[in-house]
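Engineer: What follows is a structure written as structure tokens; I'll ask about it next.
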Amino acid sequence: MKKILALHTGGTISMSANELGEVSTNEENPLLDSRFIDDNIELTNETILNKPSEHITPDDMFKMQKRVKKAEGQGYDGIVITHGTDTLEETAYFLDLTLPNHLPVVLTGAMRSSNEIGSDGVYNFQSAILTAAADESVDKGVLVVMNDEIHTARYVTKTHTTNVDTFRTPTFGPIGLVGKRGIHYFQELIQQAVVQVDELKHNVYLLKAYAGMPASLLSCLDKKETNGIVIEGLGAGNMPLETVGAIQQLLADEIPVVMVSRCYNGVAEPIYDYPGGGIALERMGVTFCQGLNGPKARIKLLVGISAGFTGENLRNYISNAVS
Ligand code: ASP
């Protein structure tokens, strides 16, 4: 018998639509009425938040992390977290970076609310429970299960505004599938180090580069309270000429600047050696972060700073894909 704890945090999976199709939160989560029957699984439901995921903050993620840590000592074999899909990937990655335990932790959500035609909530919830209960899911890092696919928290991203097939892992693909007769894994991530965080530092920002981006968008963040900035740069990690001086000033003021790509696929790497090119930016002290998208790189920078990393240690933590 596997003991699974389901932590509910809100999102469309717990919402309902009115007769006009407008979707909103419920006082009572309809998912709790769904009957999950598997003789080998004992399910415990616990509501820890009831928020659309746009309202989820790093402090909420930390609350979930603490609850999962506690669950390990309570004899649970796996954890499912239901969550709104808009920021699900950020919570999943925060947990992936900070949870020291080996329990399977599986996040899921829904694209259609509980009473809409073709609602995917109960199905995804069931798939997540089965994944969390599978022996093969141990030591895989935090997972995201949606629409019959198993993705890693590190690389999954929401790619479609409304389609149920929205969660994808660009470049690598899902690591497993939820079949009709069980869970199937096909690949595994290289393990990463987990860091200890006791208190969260905030004021870590994310900007997206574009043609003609003014320096003022960067220089307005050049303040004592700013702990770090992630930029989704152009292509492999390049910046418009006008922004270079402002980036240089941020670095001179000891504000870490991390570069990822605004491209959907591939990794950010320094390739071009001209003002604003990746090589020139790296020479200035910009840290390249490979393979993560902007929101995840921001979570990693926030976690690294909160864990107390500074200078070279912070740069290594951010730039090393597996640590
Ligand atoms: N806006 C919703 C949320 O993230 C979307 C969803 O859950 O699918 O809470």
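Engineer: Select from region 32-49 the residues that are surrounded by 10 or more Cβ atoms within 10 Å (Cβ to Cβ) and more than 12 Å from the ligand (Cβ to nearest atom) and list them in ascending order. Give the derivation first.
Structural biologist: Initially, region 32-49 is screened for residues surrounded by 10 or more Cβ atoms within 10 Å (Cβ to Cβ), giving 32, 34, 36, 38, 41-49.
LEU32, SER34, PHE36, ASP38, ILE41, GLU42, LEU43, THR44, ASN45, GLU46, THR47, ILE48, listed by residue number.
Engineer: On the given criteria, is TYR272 among the hydroxyl-bearing types (Ser, Thr, Tyr), within 30 Å of PHE172 (Cβ to Cβ) and more than 26 Å from the chain's Cα centre (by Cα)? Spell out how you get there, then give the answer.
Structural biologist: Values: among the hydroxyl-bearing types (Ser, Thr, Tyr): yes; within 30 Å of PHE172 (Cβ to Cβ): yes; more than 26 Å from the chain's Cα centre (by Cα): yes.
So TYR272 passes the test.
Engineer: Which of the following residues is open to solvent by 10 Å² or more (accessible area, probe 1.4 Å), within 15 Å of the ligand (Cβ to nearest atom) and β-branched (Val, Ile, Thr): THR57, THR82? Steps first, please.
Structural biologist: Details: THR82 fails: open to solvent by 10 Å² or more (accessible area, probe 1.4 Å).
Going through THR57, THR82 in turn, just one is open to solvent by 10 Å² or more (accessible area, probe 1.4 Å), within 15 Å of the ligand (Cβ to nearest atom) and β-branched (Val, Ile, Thr): THR57.
Engineer: Taking region 271-287, which residues are more than 19 Å from LEU314 (Cα to Cα), open to solvent by 20 Å² or more (accessible area, probe 1.4 Å) and not aliphatic (A, V, I, L, M)?
Structural biologist: Passing the criteria: TYR272, ASP273, TYR274, PRO275.
Engineer: For residues in region 168-188 being of a type in the set (Ser, Thr, Tyr) and touching a residue at least 40 places away in the same chain (Cβ under 8 Å), which is most open to solvent (accessible area, probe 1.4 Å)?
Structural biologist: The first filter runs over region 168-188 and keeps only residues of a type in the set (Ser, Thr, Tyr), leaving 169, 171, 185.
If we keep only those that are touching a residue at least 40 places away in the same chain (Cβ under 8 Å) as well, we get 171, 185.
Details: THR171: 85, TYR185: 49 Å².
Only one residue tops the list, namely THR171.
Engineer: Mind telling me which of the residues ASP198, ASP165 ends up being loosely packed, with under 13 Cβ neighbours inside 10 Å and among the acidic types (Asp, Glu)?
Structural biologist: ASP198
Engineer: Let me ask something else. Hey, can you tell me all the residues within region 106-127 that are closer than 15 Å to LEU43 by Cβ and away from the ligand (no atom under 14 Å from the Cβ)?
Structural biologist: VAL106, VAL122, GLN126, SER127
Engineer: Just give me the residues in region 28-38 being free of Cβ contacts under 8 Å to residues at least 12 places away in the same chain and acidic (Asp, Glu), in sequence order. I'd like the intermediate steps shown before the answer.
Structural biologist: The initial filter retains those residues of region 28-38 that are free of Cβ contacts under 8 Å to residues at least 12 places away in the same chain, namely 28, 33, 35, 37.
Listed by number, the residues that qualify are GLU28, ASP33.
Engineer: Select from region 48-90 the residues that are among the β-branched types (Val, Ile, Thr) and touching a residue at least 60 places away in the same chain (Cβ under 8 Å) and write down the one among them that is nearest to ASN203 (Cα to Cα). Give the derivation first.
Structural biologist: To start, the set of residues in region 48-90 that are among the β-branched types (Val, Ile, Thr) comprises 48, 56-57, 68, 79-82, 85, 87.
Those left that are additionally touching a residue at least 60 places away in the same chain (Cβ under 8 Å): 68, 79-82, 85, 87.
On the way: VAL68: 25, ILE79: 30, VAL80: 29, ILE81: 26, THR82: 27, THR85: 23, THR87: 18 Å.
Checked region 48-90; the qualifying residue nearest to ASN203 (Cα to Cα) is THR87.
Engineer: Tell me the residue from THR12, THR98, THR91 that is within 13 Å of the ligand (Cβ to nearest atom), crowded, with 17+ Cβ neighbours inside 10 Å and within 17 Å of the chain's Cα centre (by Cα), please.
Structural biologist: Numbers: THR12 fails: within 17 Å of the chain's Cα centre (by Cα); THR98 fails: within 13 Å of the ligand (Cβ to nearest atom).
When all the criteria are applied, what remains is THR91.
Engineer: Exactly one of these conditions fails for LEU292: (1) surrounded by fewer than 24 Cβ atoms within 10 Å (Cβ to Cβ); (2) touching a Lys or Arg at 6+ places or on another chain (Cβ under 8 Å); (3) not β-branched (Val, Ile, Thr). Give me its number.
Structural biologist: Going through the list (1) surrounded by fewer than 24 Cβ atoms within 10 Å (Cβ to Cβ); (2) touching a Lys or Arg at 6+ places or on another chain (Cβ under 8 Å); (3) not β-branched (Val, Ile, Thr), LEU292 breaks only (1).
Engineer: Please determine, by comparing only the residues of region 1-45 that are of a type in the set (S, T, N, Q) and part of a loop (DSSP other than H, G, I, E, B), which one is nearest to MET64 (Cα to Cα). Can you show your working first?
Structural biologist: Here is the first cut: in region 1-45, the residues of a type in the set (S, T, N, Q) are 9, 12, 14, 16, 18, 24-26, 29, 34, 40, 44-45.
Within this subset, residues satisfying the condition of being part of a loop (DSSP other than H, G, I, E, B) are 9, 18, 25-26, 29, 34, 40.
Working: THR9: 9, ASN18: 30, THR25: 20, ASN26: 20, ASN29: 18, SER34: 23, ASN40: 26 Å.
Once the filter is applied, the top-ranked residue is THR9.
The values are calculated or read from the model by the stated rules, or taken from the named source; none is laboratory data. Small disclaimer: the values here were computed from a predicted structure and weren't measured. Don't worry about glycine lacking a Cβ; one is built from the backbone with ideal geometry, like all the others, and counts go over all protein chains shown. These area figures cover heavy atoms from the full protein model, side chains too; ligands, DNA and RNA do not enter into them. Shrake-Rupley method; radii C 1.70, N 1.55, O 1.52, S 1.80 Å.
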